[in-house]
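Asker: Supplied in structure tokens, the structure appears directly below.
The values are calculated or read from the model by the stated rules, or taken from the named source; none is laboratory data. These numbers were taken from a predicted model, which means no experiment stands behind them. Ideal geometry is used to build each Cβ from the backbone, glycine not excepted, and the neighbour counts take in all protein chains shown. Side chains included, ligands, DNA and RNA excluded: accessible areas come from the protein's heavy atoms. Shrake-Rupley method; radii C 1.70, N 1.55, O 1.52, S 1.80 Å.
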Amino acid sequence: MDANYKLRIQQTRTLFSPLGEIKTRSQFGGYSVVADGVMFALILEGECWLRGIRGNEYRYRELGMRKLIYTKRGIPVSLNYYHVSETLWDAPAALITLGRQALEEACRERQVRASHQRLKDLPNIGQGIERLLWKAGIQNVDALRNHGAKDSYLKLRNIKQDLSVKVLFALEGALAGRHLATLPQCLRNELMEWHRRHACR
């Protein structure tokens, strides 16, 4: 990572720290900026770009923020991110407000996607488990999140007694957005102990 990226990442983390736990990770050839797990900005070519807000493009234009044009395989692609100029860096209160609005918009979009997302679109959840979840009254991703992996597993066991502990791992991984094989060993051990106490009776 070159000095420009390091400086901009540190500057971004410091300025947006009131919005939550700010982290960066490699994405689009640069770095995504997330607050408490929700992406609201990008650092690309050593510059920061804020996620667009529906109906607020005129405000970005007023502030002189240009839209990000990203070249993918030689083809320019317009992304819904807007450049943070040096003038905005010099107005931290205004920039934090814009960042908060971008984060709130990203959270809203995430909730809308989750409410329309099929259970089988989650990691580890195939059509078979999805159908069992439906029979158990868990019809969507929000319901699965509300019940949690353990309660959902018990509901499935009421329908199908011979479910293995791997289904519990699958549910936990689905909620974490990861393949069950990548669950930390300490979590797997905790789930196995819970399974022994609650599901093997």
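Asker: Give all pairs with beta carbons closer than 8 Å in which a residue from the range 121-135 that is in contact (Cβ under 8 Å) with a residue 60 or more places away in the chain and in a helix (DSSP H, G or I) meets a residue that is open to solvent by 40 Å² or more (accessible area, probe 1.4 Å) and of a type outside the set (Asp, Glu); count only pairs at least 6 apart in sequence or on separate chains.
Answerer: Correct list of pairs: empty, since none qualify.
Asker: Hey, can you tell me all the residues within the range 1-10 that are at pLDDT 90 or above and either open to solvent by 60 Å² or more (accessible area, probe 1.4 Å) or among the hydroxyl-bearing types (Ser, Thr, Tyr) (or both)?
Answerer: The one that is at pLDDT 90 or above and either open to solvent by 60 Å² or more (accessible area, probe 1.4 Å) or among the hydroxyl-bearing types (Ser, Thr, Tyr) (or both): 10.
Asker: Kindly establish whether residue 106 is more than 25 Å from the chain's Cα centre (by Cα), closer than 28 Å to residue 49 by Cβ and surrounded by 13 or more Cβ atoms within 10 Å (Cβ to Cβ). Please lay out each step first, then the result.
Answerer: On the way: more than 25 Å from the chain's Cα centre (by Cα): no; closer than 28 Å to residue 49 by Cβ: yes; surrounded by 13 or more Cβ atoms within 10 Å (Cβ to Cβ): yes.
So residue 106 does not fit the description; no.
Asker: I would also like to ask the following. Search the range 11-32 for residues being in contact (Cβ under 8 Å) with a residue 24 or more places away in the chain and within 20 Å of residue 69 (Cα to Cα), and hand back the single one that is surrounded by the fewest Cβ atoms within 10 Å (Cβ to Cβ).
Answerer: 28
Asker: Take residue 138 and decide whether it is part of a loop (DSSP other than H, G, I, E, B) and in contact (Cβ under 8 Å) with a residue 40 or more places away in the chain.
Answerer: Details: part of a loop (DSSP other than H, G, I, E, B): yes; in contact (Cβ under 8 Å) with a residue 40 or more places away in the chain: no.
Criteria not met by residue 138.
Asker: I need the full set of residues from the range 155-181 which are open to solvent by 60 Å² or more (accessible area, probe 1.4 Å), over 25 Å from residue 111 (Cβ atoms) and in a helix (DSSP H, G or I), in order please.
Answerer: Once the filter is applied, which keeps residues that are open to solvent by 60 Å² or more (accessible area, probe 1.4 Å), over 25 Å from residue 111 (Cβ atoms) and in a helix (DSSP H, G or I), the range 155-181 yields 158, 159, 166, 181.
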